[in-house]
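Read through the structure below, which is laid out as structure tokens, and then see the notes.
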Amino acid sequence: MKAMVVTDQAAGRGGVKLVERPEPQASINDVLIKIHASGFTGDELTWPSTWTDRVGRDRTPSIPGHELAGVVTALGYGTTGLSIGQRVFGLTDWYRDGTLAEYVAVEARDLAPLPSDVDFTVAAALVMPGLTAWQGLFEHGRLTAGQSVLVHGAAGVVGSMASQLARDAGAYVIGTGHGSARQTALDFGAQEFVDLDKDALEDIGEVDLVFDVLGGDIAKRSAGVVRAGGTLVTVTGPTEARPSHGQVIDFVVVSDRAQLGELVQRVRNGRLRTNIGNLASLDDAVAAFNRTERIRGKTIIRVHP
């Protein structure tokens, strides 16, 4: 099968190649998926799991990409809950070969059924941004109707999803970003917008929740606007930002079948839309991975028609 692989961490994106690899086999509790659409995150090549296994052993050449939508073609021994021919989507394990390939073996528990009226490209674009936003807002941030949330990067792939979900849940959404992103952020659900290049973040007053995808100085400044009992949630790793009378939570997204089901249902009824910026074929995936210009929205690789 065709697959993108990385072998040299020092080469970064320049070391990504399209090669022929053996088709994977479905192990116990796995399913084999014929991939129709795949997503990847721009900083995957900085993740330790791309290069080593859980005990630190080199696992290259490895296949990046962890978001997929496709069709089940084989079941591993003992696998239940899914069937051959079923449309599915989901998030693969960080330490296993990924989804920038024609086929992938995935634990069945990491996948959810994909309704026939949702396109594979939309489903692949929903997986990581949707799960990240859902878990940050509702699992870790405990957001409820009537609360206020500051969403950083509100025009971005994850931020746009967080803004929509928070607004749909009845929260008041304040988005941030560069000035050129204002209209996009508003279109995706923000009710106010803070231009981080010009506006004073502190002028927004206090909020119940900060959803942070930026880290650094922005996270530190954001800690100061969290009201007593509120939360700063970040996906950028451990942070020095500490609200005076609130809490900070950093987390790594995990696959969750029930949450995927909630997300795709919202897509079906028009309450949620993905933020796709670029579509490419697997043959063109290396170029898509190595683009030098900034792409607004998520890049999705169409693997099979």
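The values are calculated or read from the model by the stated rules, or taken from the named source; none is laboratory data. Just so it is clear, the structure is predicted and the values come from calculations on it, not from any experiment. Reconstructed Cβ throughout: ideal geometry from the backbone, glycine too, with neighbour counts over all protein chains shown.
Some observations on this one:
Yes or no, residue by residue, for (1) out of contact with any Cys (no Cβ under 7 Å at 6 or more places or on another chain); (2) free of Cβ contacts under 8 Å to residues at least 24 places away in the same chain; (3) assigned by TED's automatic domain parsing to the domain that holds Thr132:
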position: Thr236; (1), (2), (3): yes, no, yes
position: Arg242; (1), (2), (3): yes, yes, yes
position: His245; (1), (2), (3): yes, yes, yes
position: Asp256; (1), (2), (3): yes, no, no
position: Gln259; (1), (2), (3): yes, no, no
position: Glu262; (1), (2), (3): yes, no, no
position: Arg268; (1), (2), (3): yes, no, no
position: Leu282; (1), (2), (3): yes, no, no
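- Tallying residues that are assigned to a strand (DSSP E or B) and under 17 Å from the mean Cα position of the chain (by Cα) within the stretch 15-66 yields 3.
- Extreme residue, surrounded by the fewest Cβ atoms within 10 Å (Cβ to Cβ), among residues of the stretch 134-174 that are over 15 Å from the mean Cα position of the chain (by Cα) and part of a helix (DSSP H, G or I): Asp168
- Filter result for Ser222 (without any contact (Cβ under 8 Å) to a residue 12 or more places away in the chain, out of contact with any Lys or Arg (no Cβ under 9 Å at 6 or more places or on another chain) and closer than 25 Å to Thr41 by Cβ): no
- Filtered by the rule that a residue be touching a strand residue (DSSP E or B) at 6+ places or on another chain (Cβ under 6 Å), over 24 Å from Thr79 (Cα atoms) and surrounded by fewer than 19 Cβ atoms within 10 Å (Cβ to Cβ), the stretch 18-51 gives Leu18, Val19, Arg21.
- Just so you know, in the stretch 263-295 the residues that are surrounded by 14 or more Cβ atoms within 10 Å (Cβ to Cβ) and of a type in the set (Lys, Arg) include one that is farthest from Val19 (Cα to Cα), and it is Arg266.
- Selected residue (only one of Thr99, Thr79 is in the same structural domain as Glu20 (by TED's automatic domain parsing) and closer than 23 Å to Ala280 by Cβ): Thr99
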